[in-house]
1. Within region 20-42, which residues are modelled with pLDDT of 90 or more and on the phi > 0 side of the Ramachandran plot?
2. Of the residues in region 180-203, how many are at pLDDT 85 or above and polar (S, T, N, Q)?
3. When you look at GLN45, is it at pLDDT below 75 and of a type outside the set (Gly, Ala, Ser), yes or no?
4. Exactly one of (1) modelled with pLDDT under 75; (2) surrounded by 11 or more Cβ atoms within 10 Å (Cβ to Cβ) is unmet by GLY65. Its number?
5. What pairs can you find where one residue is in region 37-61 and more than 24 Å from TRP12 (Cβ to Cβ), the other is open to solvent by 50 Å² or more (accessible area, probe 1.4 Å) and among the polar types (S, T, N, Q), and their Cβ atoms are less than 7 Å apart, with a gap of 6+ or different chains?
6. For region 1-38, give me each residue that is farther than 22 Å from LEU173 by Cα and either buried (at least 18 other Cβ atoms within 10 Å of the Cβ) or among the charged types (D, E, K, R) (or both).
7. Exactly one condition in (1) at pLDDT below 90; (2) farther than 18 Å from SER26 by Cβ is false for GLY152; which is it?
Amino acid sequence: HLDRLTGKKDWWIINGGQPGFSSLQSLLLLEQVGLSRKPTVVIVQFSLHNNKFSAETDHEQLGGGPAGALETFLLDNSRIYRLLSKAALSATQSKPGQKRRGGIDQSMTRDPPHNEGETEERRPDFSRGVRVPLGDFERVVRRFGELAQQNGFTVVWTSILDGQIPREYSALLTREIGGEGMYFFDPNDPVRERLPDASLRLAKDPGHWNAQGNDAIGQAMAEFLIKEKLVR
């Protein structure tokens, strides 16, 4: 689409998306790998992986200390340790209705309710108990901005289709991207215009399940980049 819209043929686009990644993991990917590619535009999609309930936040898991580092090393490098760990976990007793892994209650590992139809008293507390709490997300967003200024690229934030992102995260992102060098692209309206009959619920998200949906998102993103003069 960029070739068609600009008449050029030298665009280099890297898909760095990783299934299940949170915004913090995406930041680490950019810092450790992406910066070496000297990007001019970095597109960051943040999704509901941020706000899945978890026994530890992503930030806490990074700072797990010697024990956590040793376990990670053994899981990555020792087949015997992996087999023993699997056997131990399968033997863990669970209470009825609970899903446990390594003795940690995973019954709350689920996606928070969607924005639509929620009542304020029933909304989850996104400041704790999720993979990337609001405080951590704020630091992640600001760090993306710092890297953009230091390395001369533009950040375009985008979200998943159909309002799956809690409004607390969207509101925080809106506040933080007011400065120069940070943009937000909402894919919902452009995709609906091109695919008016397609369901945008995550389970039937055309961007995840078929080429037509991917093409609609790609075309809309290319047009956004041209409109904002982020590519020429």
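The values are calculated or read from the model by the stated rules, or taken from the named source; none is laboratory data. These numbers were taken from a predicted model, which means no experiment stands behind them. Cβ sites come from the backbone with ideal geometry, for glycine too, and all protein chains shown count toward neighbours. Ligands, DNA and RNA are stripped out before the accessible areas are found, and what is left, the full protein with its side chains, is counted by its heavy atoms. Shrake-Rupley method; radii C 1.70, N 1.55, O 1.52, S 1.80 Å.
1. LYS38
2. Residues that pass the stated criteria total 0.
3. Judged against the criteria, GLN45 is not a match.
4. (2)
5. Every condition considered, the pairs that remain are LYS52/THR109; PHE53/THR109; SER54/THR109; ASP58/GLN25.
6. Once the filter is applied, which keeps residues that are farther than 22 Å from LEU173 by Cα and either buried (at least 18 other Cβ atoms within 10 Å of the Cβ) or among the charged types (D, E, K, R) (or both), region 1-38 yields LEU2, ASP3, ARG4, LYS8, LYS9, ASP10, ARG37, LYS38.
7. GLY152 satisfies every listed condition except (1).
Quick grid of which residues meet (1) open to solvent by 80 Å² or more (accessible area, probe 1.4 Å); (2) modelled with pLDDT under 80; (3) farther than 26 Å from ARG143 by Cβ:
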{"residue": "LYS52", "(1), (2), (3)": "no, no, no"}
{"residue": "ALA55", "(1), (2), (3)": "no, yes, no"}
{"residue": "GLU60", "(1), (2), (3)": "yes, no, no"}
{"residue": "LEU74", "(1), (2), (3)": "no, yes, yes"}
{"residue": "ILE80", "(1), (2), (3)": "yes, yes, yes"}
